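The values are calculated or read from the model by the stated rules, or taken from the named source; none is laboratory data. Worth saying up front: this structure is predicted, and the values here are computed from it rather than measured. Backbone-built Cβ (ideal geometry, glycine too); neighbour counts: all protein chains shown. Ligands, DNA and RNA are stripped out before the accessible areas are found, and what is left, the full protein with its side chains, is counted by its heavy atoms. Shrake-Rupley method; radii C 1.70, N 1.55, O 1.52, S 1.80 Å.
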Amino acid sequence: MKSRFTFLSGALCIMSLASCANSDYQNAMDKGIDSLGEQDYHQAAIYFEVASSEQTNDKEARIYFEQASQMEDAVNYYEQEEYISALDAFEAVTNLDEGLVTVQSEAEKWKKTILDEQEELADTEEEIDTINQLISAKEYTSALEQLQILNAKVESEEALSYYENELANLTGRINDALDELENAKTPPTTNSSKEKPIKPKEESVEVEEVRTYDTYTNERFGFSIQYPTDLTVGSPPANGDGLNFYNEELEITVFGSHNSMDESIESIYQQAINNIEVPIAYDRLADHWFVLSYVKNGLIIYEKFFYGDNVFNRFIITYPENKQDVYGPVTTHISDTFIPSAN
């Protein structure tokens, strides 16, 4: 009788221990899922790790732990502005088999947010580049109009707050230039009717209105560029990498190449700067392109480079410094309408 009682007592203890273990496991799993709902990925990972230790062979706890850990890493990368690493981590969450669908959906939302922000940053860089070109071409009124539009966008988007100081500097440059023009006007005299005040915007707009453009598309590398119709088209090279267009004052050269050395855009940008032996009037480096502009031997040289994982695109525009009012708007038009294949 005693033996039977001992056996029953042992069985009850084992069942009690198993019940306690199951209770601890389920409690940790429930709290982990609650933490995921609150987007507290660090705490969620801790709970799932506890659950996994309670039932070492439980696949569900292990997968949820991986999801929570990857989400925590991804959010940290985003907050540190390491966007490529963040995208990779969020991608790993969405690709994890048998993971929670709600967490995968949250990772997809994060990915879209990052990609949208990156696109918006690239667009803002392009708009700032255009404004700088307008300033260089003395199109101050047009530059100010575009700057006001861009200021409104930056003020409404927290992700663009980085550009506030730069836009303030651009505003100061434009206002200073407009003040100089105003001060340079000749006071009214008996002969003043023969003199006209400087009106950079109206003069350059007149030039732009009568200018027409053709489009060249490179079959080998896939980019396209618009060029003034009155330019002479050069002979295409045998390898078909690009073309040049010119007259006695203006020359446009455009070409593509392969990223055979797997170089980064930063290294190419630095090499380009190192090769310029004169002061650089304007330069800008973005995620997938950079611009360099400078004066050499009386010529303005404007170069824009587009970076891609497999190919590069580049165009170079040169014209006399004293023809900036004529060809500055042409440079702006080409830069705005160039369609790169490098991405």
ask   = Going by the structure shown, is Ser52 of a type in the set (S, T, N, Q), more than 23 Å from Leu160 (Cα to Cα), at pLDDT below 85 and part of a helix (DSSP H, G or I)?
value = yes
remark   = Residue pairs within 9 Å by beta carbon, gap of at least six or interchain, first lying in the range 271-298 and on the phi > 0 side of the Ramachandran plot, second in a loop (DSSP other than H, G, I, E, B) and exposed (fewer than 14 other Cβ atoms within 10 Å of the Cβ), listed first then second, are Asn297/Val278
task = With respect to Ala143, determine if the residue is modelled with pLDDT of 85 or more, hydrophobic (A, V, I, L, M, F, W, C) and in a helix (DSSP H, G or I).
result = no
query = Can Ala21 be described as modelled with pLDDT of 85 or more and assigned to a helix (DSSP H, G or I)?
reply = no
query = Do we find that Ile252 is within 21 Å of Ser341 (Cβ to Cβ) and in contact (Cβ under 8 Å) with a residue 60 or more places away in the chain in this structure?
reply = yes
task = Just name the residue that is nearest to Thr318 (Cα to Cα) out of those in the range 281-298 that are among the hydrophobic types (A, V, I, L, M, F, W, C) and modelled with pLDDT under 90.
result = Ala281
ask   = So which residues in the range 109-132 are under 16 Å from Ala286 (Cα atoms) and more than 17 Å from the chain's Cα centre (by Cα), if there are any at all?
value = Ile131, Asn132
message = If I ask for residues that are β-branched (Val, Ile, Thr) and out of contact with any strand residue (DSSP E or B) (no Cβ under 6 Å at 6 or more places or on another chain), which ones from the range 284-299 would you list?
response = Val295
note = Matching residues in the range 97-123 (open to solvent by 60 Å² or more (accessible area, probe 1.4 Å), among the acidic types (Asp, Glu) and not in a loop (DSSP other than H, G, I, E, B)) number 4
task = Within the range 62-96, work out how many residues are surrounded by 15 or more Cβ atoms within 10 Å (Cβ to Cβ) and at positive phi.
result = 0
remark   = Taking the range 141-153 and keeping residues more than 17 Å from Arg173 (Cβ to Cβ) and surrounded by 14 or more Cβ atoms within 10 Å (Cβ to Cβ) leaves Lys153
message = List pairs: first residue in the range 302-324 and touching a residue at least 60 places away in the same chain (Cβ under 8 Å) and over 16 Å from Pro228 (Cα atoms), second residue charged (D, E, K, R) and surrounded by fewer than 21 Cβ atoms within 10 Å (Cβ to Cβ) anywhere in the structure, Cβ distance under 9 angstrom, at least six positions apart or on different chains.
response = Arg314/Glu303; Pro320/Glu249
ask   = Does Glu155 satisfy the condition of being within 23 Å of Phe305 (Cα to Cα), under 21 Å from the mean Cα position of the chain (by Cα) and either among the charged types (D, E, K, R) or modelled with pLDDT under 80 (or both)?
value = no
